[in-house]
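Read the structure below first, then the notes.
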Amino acid sequence: MAANTSFASPLADAELAPAIDASVASSIVARLVNGVNGWTAALGVMLFLVFYDQVKYIWNKGPIAGPAFKMPFIGPFLDSVNPQFEKYYMKWASGPLSCVSVFHKFVVIASTRDMARKVFNSPAFVKPCVVDVAHKLLRPNNWVFLDGREHVDYRKGLNGLFTRQALEMYLPGQEETYDKYFEKFVEISQKEHGGKHHPFMQVFRELMCAVSCRTFVGHYMSEAAVKKIATDYWLITAALELVNFPIIIPFTKTWYGKKAADMVLDEFAKCAAKSKIRMAAGGEPNCILDAWVMQMIESEKYRQKVAKGVDVDLSEKPPMLIRQFSDFEISMTLLTFLFASQDATSSACTWLFQITADRPDILDKVREENLALRGGDRHKRLELETLEKATYTRAVVKEVLRYRPPVIMVPYVAKKDFPVTDSYTVPKGSMVIPTVWMATHDEQAYPNPDSFEPDRWITGDAEKQTKNWLVFGTGPHYCLGQTYAQLNLAAMIGKASMLLDWDHKVTPLSEKIEVFATIFPEDHCHLTFKERP
């Protein structure tokens, strides 16, 4: 029997379709949600973050040299915990620009002379950044973090502290420190170690810290405080390693470094207060702090006369008008001087003693020159004119700085996208690190670059290679104390050559380079000292 009806599938019924679709969809979503637990959600988020981290790295890397992929999140952090010079060199040799990415920080390395100079001379795009934790140790309002006109003006106020007249004023304090520590070298070698060789790198660090403190703050700081700073400054250096935790966690390197920096700032602030009292009472300046405070006093006197309507002769106007700085502001600036000098001069000092011990013919020439300039009197006190005439000694110092440049990398941060080449732009916020080593070991500028040859600065044309001489940087942030540093090292090695004999025990690690902010021999330089007859 035929039925007088028709049958249609509910899915084909236009009126029923929306209800059915919603029901089916809800069922599918419900099953998916029920199947997701906390672990699968976390895994999904983690996979997304890994994917994003990898894509971001590849995008930032672009065409420059660097690993094809990044180890998720941490990148080469483990390598950075124990930095090795050989790995740094491989990175420099990989191309003019190369990169790595560590945690959240993308790092571009400028290896060639021209690439390094491009970074140094681009203040519109980059500024010094040291490392993340540096602002916490040196303080965010420290002058080294200033930029543009403000930075330039601040530097101008410091230039007077490194004039020829000022450098001559600091010499007696430096020589006094050398006398004390040369005696200590002999005592350590002969009495404490029975004439046997002993690692002297840490002793040299203490020496250079003492010289710096004596030059910066004179006798305002006690010997005990200098000793503590020399010991604890190692903690500040460790906290400012290129790769470190960006936050301060108790009992970590950054935590100990912060405590040490606080101590140094406190000591320098005390010195500033003492200097202000002494200079106001008419004392004679004999250190950088005194010279700076005197500039403040003279500037204030001039301003007061002008404010009172006194007709002041132009000859009475200080060369540079500066404001009154608080004790803590002075302290922060002195800490940056110590930061700039301590590790670098300690490195150069260590290599100087090792290299001259291994090359007695060079040491003999240094000794002969210094004796001749003093008329045969090895105890004659230092004079700036004598140092300026010590041509060979200064050549030895310059060759040490070229051969083993203390600061091999200088971290900057990109303030905005930086078109460093026609084909590559450094992303805003990235670290940009010009290296010095490749410029000072460029065979075109310095033939036989891996050979120690002081004569290249006298009879060769090394002095003409100004574009390669990046030891003290270049551009608006070049080192203020570069002349002071070189004269200081020349004074030290010249005086030591006349008063001391030293011998170096060569080990398999003597010529291998340890990277710790600056560079040192891996064995920390085994020496023994004795007085010259």
- prompt: How much accessible surface does Val203 have with a 1.4 Å probe, in Å² rounded to 10?
  reply: 20
message: Just to verify a number: FRET efficiency for Val55 and Phe516, C-beta to C-beta distance, R0 = 35 Å, to 0.05?
response: 0.50
- prompt: Given the C-alpha centroids of the range 397-432 and the range 85-133, what is the distance between them in whole angstrom?
  reply: 4
task: Report, in order of residue number, the helices in the chain meeting two criteria: a C-alpha extent of 30 Å or more along the helix axis, and a mean Kyte-Doolittle hydropathy of at least -0.5; treat each whole DSSP H run as one helix.
output: 38-61, 253-280, 327-358
task: Determine the relative contact order of the chain: mean sequence separation of Cα pairs under 8 Å and six or more apart, normalised by residue count, in whole percent.
output: 21
- request: Keeping every protein chain in place, order Phe48, Phe103 by accessible area at 1.4 Å, biggest value first, i.e. largest first.
  value: Phe48, Phe103
query: Taking every DSSP beta bridge that has both residues in the chain, what percent is antiparallel when rounded to the nearest 5?
result: 85
task: At 1.4 Å probe size, with no ligands or nucleic acids counted, give the accessible surface of Thr466 in Å², nearest ten.
output: 90
task: Using just the alpha carbons, could you tell me how many Å³ per residue the convex hull of the chain encloses?
output: 254
- prompt: For the chain, with every protein chain kept in place, what is the accessible area per residue (1.4 Å probe, Å²)?
  reply: 48
- request: Work out, step by step, the length gained on full extension between Phe103 and Lys505: first 0.36 nm times the residue separation, then minus their alpha carbon distance; give nm to one decimal.
  value: 140.6 nm
- request: Arrange the residues Trp59, Trp502 by how much accessible surface each exposes, largest first, with a 1.4 angstrom probe.
  value: Trp59, Trp502
- line: For Arg381, the accessible surface traced by a 1.4 Å probe with all protein chains present amounts, in square angstrom to the nearest 10, to 120
- prompt: On the accessible surface of the chain, probed at 1.4 Å, how many percent belong to carbon and sulfur atoms?
  reply: 59
- prompt: What is the sum of charges around Phe125, taking Lys and Arg as +1, Asp and Glu as -1, for the other residues whose C-beta is under 12 Å from the C-beta of Phe125?
  reply: +3
message: Modelling each spin label as a point 7 Å along the Cα-to-Cβ direction, I'd like the Lys156/Phe73 distance in nm, to one decimal.
response: 4.9
Cβ-Cβ FRET estimate between Asp417 and Ile297, R0 fixed at 35 Å, reported to 0.05: 0.15
message: Within the range 377-414, list the residues whose amide N lies under 18 Å from a label point set 7 Å along Cα→Cβ of Ile458.
response: 386-403
- request: Note down the nm distance, to one decimal, between modelled labels 7 Å out along Cα→Cβ at Thr483 and at Asp327.
  value: 3.3
query: Which pairs in the list Lys56/Lys91; Lys180/Lys227; Lys127/Lys227; Lys136/Lys428; Lys365/Lys530 are over 24 Å apart, alpha-carbon to alpha-carbon?
result: Lys127/Lys227
- line: Sorted by accessible surface (1.4 Å probe, heavy atoms of the protein chains only), largest first, Met115, Met320 come out as Met320, Met115
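The values are calculated or read from the model by the stated rules, or taken from the named source; none is laboratory data. Remember, it's a predicted structure, so these values are computed and weren't measured experimentally. Positions of Cβ are generated from backbone atoms using ideal geometry, with glycine treated the same way; all protein chains shown enter the neighbour counts. Heavy atoms of the whole protein, side chains included, go into the accessibility calculation; ligands, DNA and RNA do not. Shrake-Rupley method; radii C 1.70, N 1.55, O 1.52, S 1.80 Å.
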